[in-house]
Structure formats: C-alpha cells, structure tokens
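**Student:** Right, I'll just put the structure down here and ask away after.
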Amino acid sequence: MIVDDLKRFNSDDWRTSPAYAQAMAHMQAAEWSQALTALRALQADYPQAQGVQSLIAEVELRLATDKHIKTRGRRLPAINRRVLFVVVLIGLIVALGWLASSLYRSVILPSLAQNQVKQGQDALAAQAEKAMAAKDYAAAIEFYDQLTSQNPTHPALADDPAAKARQEIALDELYRQAQAEIAAGQSADAQLTLIKLQTMRANYRDVSALLRVIERQQQLTALARRTADAKAAGDWEEVISRLEEMRAVLPREERAQVEADLFEAYMAYGAELVKRTQGGSGELTRAVEMYNKALTLRPGAAEATTQRNRARQYLTGVNSYTTGNWNAAIAQLEPLYTEQPDYLGGQAAQLLYNAYVHTGDVLLEAGEVNRAWERYAHAGQIQGIDTSTARALAADLSLKLTPTATTTPTPTQKPTLAPTGVPTATPTPGYAPLSRYRGKIVYWSTRNDRPTPTPIPGTPIPDQHRGGAASLWIMDPDGKNAFRIWQQDKAQEEYQKLQEAERRSPDGQSFLFVTTPRNEKHTQIYIAYPDGTEFKVTEWNGLQYDPVWSPKGDYIALVSNETGNDEIFLVLRNGEHPKRLTKNDWEWDKHPSWSPDGGRLVFWSNRVTGWSQIWLMNDDGSYQTNLSNNDFEEYDPIWIK
C-alpha cells in the first residue's frame, strides 16, 4: 500500500508504467479505444500527471474524428506506407509540373512577349533620336508616329519630340526661304523672314549674323544715297561724314572703294576750306586736318602733301605775324609766295607785304635807313596786291639816301643799294594807311613819345600822364609793340571810317544806329535795311549805345547801363538771347570791337585803377585782361579788320 501511494504522488514515474507502454502500442496501431482504456488505467495510478491527461485528450480527439469519418462512408482499407509515399510523391511531381506549366503560360510567356514589344519600342525611340541628331526630321517624325501608335505613354514621347521635329522642319523651310530671298536681292523680305525665324528661336543657325549683314547692307545703301545727295549739293563735309560712317561699317577687306572716295572728299573739302578762308586760322587749320586725313589713306600722296605743307607754312607765318615777329613771318611766307603767289587769293602775299613794311618801319625808327629802304623795296616787288605805299616809302627814302635821283625798283628786280653816305638824321617816314595794320588794335592814348624820366630815390615822380593830348596808337592783340601813328590827321580820318565800318553788317547791306524812339526816354539800338525798313534790336531800360556787328553778322555787341552802370552785352541780330559779358560795381566798360575771327572783343574800362585802359576778353566774357597796364588814359579801341 505504501508503494502504491508513492506512485500516486510521484507523477514523474508514469512513463515507466506498463500501462503507459501498452497505451502507446495501441496508439501506434491506431487502436484508439484500447489506447484510451490503457490510459485511463494509467491515470488511475497517476492522477496528478498532466502528460497522461494530455494523451487522454488526444486519443479522445482521434476517436471523435474517426467516428465522424465513419459516418461519411466506409473506411478505406489501410495502404502500405511505401506505396502511399510513392503515390504522394508522384502526385506532388504532377502538381508541380502542372503548376510550372501554368506559370509559364500565364506569366513567363506574356512577360517575354511584353519584353519583346518593349524592345521594339525602344528601338523605334533610338532610331527617332538618331534621326533627330542627324537632322533627318522627316524620318524622326515617322519613327515617333509609329512609337505613338504602339505606346503613347513611352518615356521617349514625354516632351512631344514629334512636334519639335515638325518645328525644326518649319524653321528649316523658313531658313531656306530667307536664303533664296537674299540670293534674289530681296533684302527687305529676307529681313522679315529672318526676324520671324529669330522670334521662333533666338539663336537659330546664323540668323543673327545674316540679319547683321542685311542691316549693314541697308545702312550702307542709305549712306551711299546720302553721300551721293551731299556730293551733288557740293556739301563735302557731309560727304566726308557719311563716307567715314561707311568705312567704319565695312570690314577692312571691303574698304578700298570707300577709302578712294574718302581721299577724294578730303582733298576736295580741304581745297574748299583753303578757297573760302579769309585769312583766319580756323578754316585753314581744318584744311590741314583734311590733308592729314587724306595722307593717312595714301601716305606720301604728292598733292595732299603739297597742299598741307602750304597751309602749314601760311599758318606758321600768320602766327609769327600776329605776334609781331616780322622777320620770322617773312622767312615762312616768302617760300609760299614764291611757290604760289596767289595763295589764298593773295592773302599770303598781303601778309608778306605787311611783314616787309613792318620791318621797314621798325628799322626806320631805329635809324637803319638803308635796311628800311631794302624792306620797303622788297614789299614793292610783291605782285597781285596794292604795293603803292611801300613803293612810295622806298622812293622817298631813296631820294634821301643818294644825291642823285634813283628810279623806283621794278617788280621783277631786287634793288641793290649803292654805297652812298648815310643821312645823319632819321627822316620822317611817309604815312602808312591803317588797313596795312590788319589784325592790330588802334586806340586813343594820352602817352607821348618821350621816355619816362628815371626816378630819383626818395622823390616822387610828377603825374604827367593824364594831362597830355590824346593821339592814335597801334598795338598787337597781346598789348605788345605799341607805337604812335605818324600823321595823326590822316590816321584820324581813317579811324572815323573804321568806326562807321564797325556798325555796318559784314555783307555791307545793313547798318546799326542809335536813337531815342518817340515817346520814350531811353536810347535803343536799331538796324537799318537797304529797303528803308528798320528793326528795333533792343527794348531795354537805360541807355544803349556803341553797337558793333560781329564778323559773321550773327551777333551784335553793345553797351547798356540798364544794370546801373555801363556794361557790355551780346545779343542776336534779332534781339533775342541777350548776354551780359562784363560786371562791375560802378566802373565803365565801353566801346567794344570784335577780333577779325569773331572770337574776342577789345574794349576800354576804368576798373581797378580808375584810369581808362584797353582790355581784352573772349566772346563769352571769359579771360578779361588789361592790355594797357600803364599810367595813361587809353580808350576807344578798334580791332583793324
């Protein structure tokens, strides 16, 4: 009993029980009822064994399953395990074969067909791209259309390449049309076609270059037309301007004809400037510029070199002449006169003549009578101008140089002085007209010919300057080389004529005058015309007077005290755009006179010292300079023209 009790409580020994072995044998033989009986007997011995309970539950489930199967049909006879395994294996193989066949038919074959279709589509896309690269746009469109019909969603069709190919064809057709229009000379039509092309695609082929060529050709055509019109009108300045534009537009290798025309224009305009110059340096300087430009096109061209050198000689001579360097002026103008006696219509001869006479005057004042006579004689030999004064002076001196009468030198002979005695006293020279001093300034001065006494240290110098009688003097435009004119009575007669000429217009047709209009209290400036009509230039407050014409006739210089004191003004001949040139607090600025080139004005003023002095300024009022700079009263200047 004690052993049996231990078995009941020792649940781990139930697997060693004979009942367990018996139950397991029945289970292996699928004898589920017998196995259940044995397990229940085992449970009686080991009531606490959980494993026994699990086996009982399993067997009961088997019994229930068998019972259910038996109710559905007769139980199949038992089959040998090996046969069953073979049958199952064969069935499995057949099933796998069927499954593989089904998979091949339903998956692999369609996939292979789809892949083949995709490869064909990719080949079409590649062919289309290759045709596009080769610019065979018609073939590309055919390939893209085939691809679209097969697969509209193919990636190669994402950006609608067929439309791009059609656009390329349209662009190419327009480009060919433009080329045909250019070849046919239809530049305007070609330009429109190319602009349309450029609008469709900004950088298509060489459209921009072709447009530039057409625009350049149109520009050249317009310039050529304007050049022809200017040439027909004799406007060489316009011709040069247009030809220079054409030269800048053309490539270097295409400039030959334009440069030939430009050389001709430079030469023609240079000759025109030389022809129309009135002795001033402005137009002649431009002529030199034209000849220099001609020589840049044809270096060493004989005619251009000759004309340029003559103009340069003249300008250099003029510069020496205007600065009072008479000998240098002679050295520079003599070769020019020898080469072309009538250069500038005799102006070179006139300057040479004046320079010879001036040096004669200087030598005569220095007491060198022989050399003075030689200079007058040279002046008398110059052809093409009036040399009567020089010949008269030479004749007068020749009588004083020799006891016997000598003949006046002939124009073709250079006189040779005989070694006769030199007079002990300097003879008084004959009168030279003021016109001989063209370019200089004539004015009134209270100075005399006597030298100023040397001051004694510590003692004041008496003021002798203001009280003297005024006489006419001449100075250079820079205030140098001032001298008193001989025979004041004749000089004063000429001075009055110069004053009248100052008021006459350059064409000699109109005259400036000053009058007080009826019912007014202020004097005004008027222009009197040849037909008897008058024009009122000013209508200002205060007094207006001293009007003078500019050399070009466009401006009038005058004096007005509208501002409270006498100042110099400029105004257009029609009375418009007045401009004040001088400005003082109380001083006077009076009697303006224009330089021959119209760029400066000489006048007198009592500013600074309170003494009347000759002043110079530009025509815009700048660079106002005292030319007198002395202790004398000097006033009413006229620039001799």
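The values are calculated or read from the model by the stated rules, or taken from the named source; none is laboratory data. Bear in mind the structure is a predicted one, so any value in this text is a computation, not a measurement. Neighbour counts are summed over all protein chains in view; Cβ atoms, including those assigned to glycine, are modelled from backbone coordinates with ideal geometry. Areas reflect the complete protein model, heavy atoms only, side chains present, ligands, DNA and RNA absent. Shrake-Rupley method; radii C 1.70, N 1.55, O 1.52, S 1.80 Å.
**Student:** Would you check which residues across region 377-400 are in a helix (DSSP H, G or I), of a type outside the set (Lys, Arg) and surrounded by fewer than 18 Cβ atoms within 10 Å (Cβ to Cβ) and list them? Steps first, answer last, please.
**Tutor:** At the first step, the residues of region 377-400 found to be in a helix (DSSP H, G or I) are 377-381, 388-400.
Right, trim to of a type outside the set (Lys, Arg) and you get 377-381, 388-390, 392-399.
Answer for region 377-400, where residues must be in a helix (DSSP H, G or I), of a type outside the set (Lys, Arg) and surrounded by fewer than 18 Cβ atoms within 10 Å (Cβ to Cβ): Ser388, Ala392, Asp396, Leu399.
**Student:** Then there is this: Can you tell me which condition Leu273 does not meet? The list is (1) under 24 Å from Ala377 (Cα atoms); (2) at pLDDT below 90, and all the others hold.
**Tutor:** (1)
**Student:** May I pose another question? Taking interchain pairs and intrachain pairs at least six residues apart, which have beta carbon atoms under 7 angstrom, with the first residue in region 332-355 and among the charged types (D, E, K, R) and the second surrounded by fewer than 24 Cβ atoms within 10 Å (Cβ to Cβ) and part of a loop (DSSP other than H, G, I, E, B)?
**Tutor:** Within 7 Å, the pairs are Asp342/Gly384.
**Student:** What tally of residues in region 488-531 results from selecting those that are open to solvent by less than 50 Å² (accessible area, probe 1.4 Å), farther than 19 Å from Ser560 by Cα and in a loop (DSSP other than H, G, I, E, B)?
**Tutor:** Total satisfying the criteria: 3.
**Student:** Which is of a type outside the set (Phe, Trp, Tyr), touching a Gly at 6+ places or on another chain (Cβ under 8 Å) and more than 30 Å from Ala265 (Cβ to Cβ), of Gln177, Gln150, Gln186?
**Tutor:** Of Gln177, Gln150, Gln186, the one residue that is of a type outside the set (Phe, Trp, Tyr), touching a Gly at 6+ places or on another chain (Cβ under 8 Å) and more than 30 Å from Ala265 (Cβ to Cβ) is Gln150.
**Student:** Working only within region 135-150, note down all residues that are at pLDDT 90 or above and part of a loop (DSSP other than H, G, I, E, B).
**Tutor:** The answer is Asp136, and nothing else.
Listed here are the residues, each with its yes/no results for (1) at pLDDT below 85; (2) open to solvent by 70 Å² or more (accessible area, probe 1.4 Å); (3) polar (S, T, N, Q); (4) over 60 Å from the mean Cα position of the chain (by Cα).
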{"site": "Pro47", "(1), (2), (3), (4)": "no, no, no, yes"}
{"site": "Leu63", "(1), (2), (3), (4)": "yes, no, no, yes"}
{"site": "Leu76", "(1), (2), (3), (4)": "yes, yes, no, yes"}
{"site": "Ile79", "(1), (2), (3), (4)": "yes, yes, no, yes"}
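**Student:** In contact with a Gly (Cβ under 7 Å, 6 or more places away or on another chain) and closer than 29 Å to Thr609 by Cα: which single residue out of Thr538, Thr563, Thr582 fits that description?
**Tutor:** Numbers: Thr538 fails: closer than 29 Å to Thr609 by Cα; Thr563 fails: in contact with a Gly (Cβ under 7 Å, 6 or more places away or on another chain).
Exactly one of Thr538, Thr563, Thr582 is in contact with a Gly (Cβ under 7 Å, 6 or more places away or on another chain) and closer than 29 Å to Thr609 by Cα, namely Thr582.
**Student:** Taking the stated definitions as given, is Arg242 closer than 30 Å to Asp189 by Cα and not aliphatic (A, V, I, L, M)?
**Tutor:** Spelling it out, Arg242 is indeed closer than 30 Å to Asp189 by Cα and not aliphatic (A, V, I, L, M).
**Student:** I've got another one for you. Name the one entry in Pro460, Pro451, Pro477, Pro455 that is modelled with pLDDT under 85 and closer than 30 Å to Ser320 by Cα. Spell out the reasoning first.
**Tutor:** Values: Pro460 fails: closer than 30 Å to Ser320 by Cα; Pro477 fails: modelled with pLDDT under 85; Pro455 fails: closer than 30 Å to Ser320 by Cα.
Going through Pro460, Pro451, Pro477, Pro455 in turn, just one is modelled with pLDDT under 85 and closer than 30 Å to Ser320 by Cα: Pro451.
**Student:** Restrict the check to region 351-372 and report whether at least one residue is polar (S, T, N, Q), open to solvent by 50 Å² or more (accessible area, probe 1.4 Å), out of contact with any strand residue (DSSP E or B) (no Cβ under 8 Å at 6 or more places or on another chain) and under 27 Å from Leu399 (Cβ atoms).
**Tutor:** Keep residues of region 351-372 that are polar (S, T, N, Q), which gives 354, 359, 370.
From what's left, open to solvent by 50 Å² or more (accessible area, probe 1.4 Å): 370.
Remaining after also requiring out of contact with any strand residue (DSSP E or B) (no Cβ under 8 Å at 6 or more places or on another chain): 370.
When the remaining residues are screened for being under 27 Å from Leu399 (Cβ atoms), the result is 370.
Scanning region 351-372, I find at least one residue that is polar (S, T, N, Q), open to solvent by 50 Å² or more (accessible area, probe 1.4 Å), out of contact with any strand residue (DSSP E or B) (no Cβ under 8 Å at 6 or more places or on another chain) and under 27 Å from Leu399 (Cβ atoms), so the answer is yes.
**Student:** Something else: Check Ala125, Ala133, Ala138 and return the single one that is out of contact with any Gly (no Cβ under 9 Å at 6 or more places or on another chain), open to solvent by 80 Å² or more (accessible area, probe 1.4 Å), of a type in the set (Gly, Ala, Ser) and closer than 30 Å to Thr153 by Cβ.
**Tutor:** Of Ala125, Ala133, Ala138, the one residue that is out of contact with any Gly (no Cβ under 9 Å at 6 or more places or on another chain), open to solvent by 80 Å² or more (accessible area, probe 1.4 Å), of a type in the set (Gly, Ala, Ser) and closer than 30 Å to Thr153 by Cβ is Ala133.
**Student:** Also: Sort out which residues of region 620-635 are over 48 Å from the mean Cα position of the chain (by Cα) and among the charged types (D, E, K, R), and write them in order of number.
**Tutor:** Within region 620-635, the first condition is being over 48 Å from the mean Cα position of the chain (by Cα), and the residues that meet it are 630-635.
Hits for region 620-635 are Asp631, Glu633, Glu634.
**Student:** Working carefully through the options Arg205, Arg212, Arg242, Arg216, find the one that is modelled with pLDDT under 90 and under 30 Å from Tyr269 (Cβ atoms).
**Tutor:** Numbers: Arg205 fails: under 30 Å from Tyr269 (Cβ atoms); Arg212 fails: under 30 Å from Tyr269 (Cβ atoms); Arg242 fails: modelled with pLDDT under 90.
When all the criteria are applied, what remains is Arg216.
**Student:** Let me spell it out: the conditions are (1) open to solvent by 40 Å² or more (accessible area, probe 1.4 Å); (2) at pLDDT 90 or above, and Thr153 meets all of them except one. Which number is the exception?
**Tutor:** Failed condition: (2).
**Student:** In region 285-376, which helices (runs of 4 or more DSSP H) lie fully inside it and hold 3 or more residues that are modelled with pLDDT under 90, within 26 Å of Pro433 (Cβ to Cβ) and not polar (S, T, N, Q)?
**Tutor:** Working: elements: 302-322, 326-339, 347-365.
Those helices (runs of 4 or more DSSP H) span 302-322, 347-365.
**Student:** Within the group Asp13, Asp5, which residue is surrounded by 13 or more Cβ atoms within 10 Å (Cβ to Cβ) and modelled with pLDDT under 80?
**Tutor:** Working: Asp5 fails: surrounded by 13 or more Cβ atoms within 10 Å (Cβ to Cβ).
Of the residues listed, the single one that is surrounded by 13 or more Cβ atoms within 10 Å (Cβ to Cβ) and modelled with pLDDT under 80 is Asp13.
**Student:** Does region 597-615 hold any residues that are touching a strand residue (DSSP E or B) at 6+ places or on another chain (Cβ under 7 Å) and more than 18 Å from Ser550 (Cα to Cα), and which are they? Give the steps one after another, and end with the answer.
**Tutor:** So in region 597-615, the residues touching a strand residue (DSSP E or B) at 6+ places or on another chain (Cβ under 7 Å) come out as 599-605, 612-615.
The answer is Ser605, Ser612, Gln613, Ile614.
**Student:** So which residues in region 475-486 are farther than 14 Å from Trp444 by Cα and open to solvent by 30 Å² or more (accessible area, probe 1.4 Å), if there are any at all?
**Tutor:** Asp478, Lys480, Asn481
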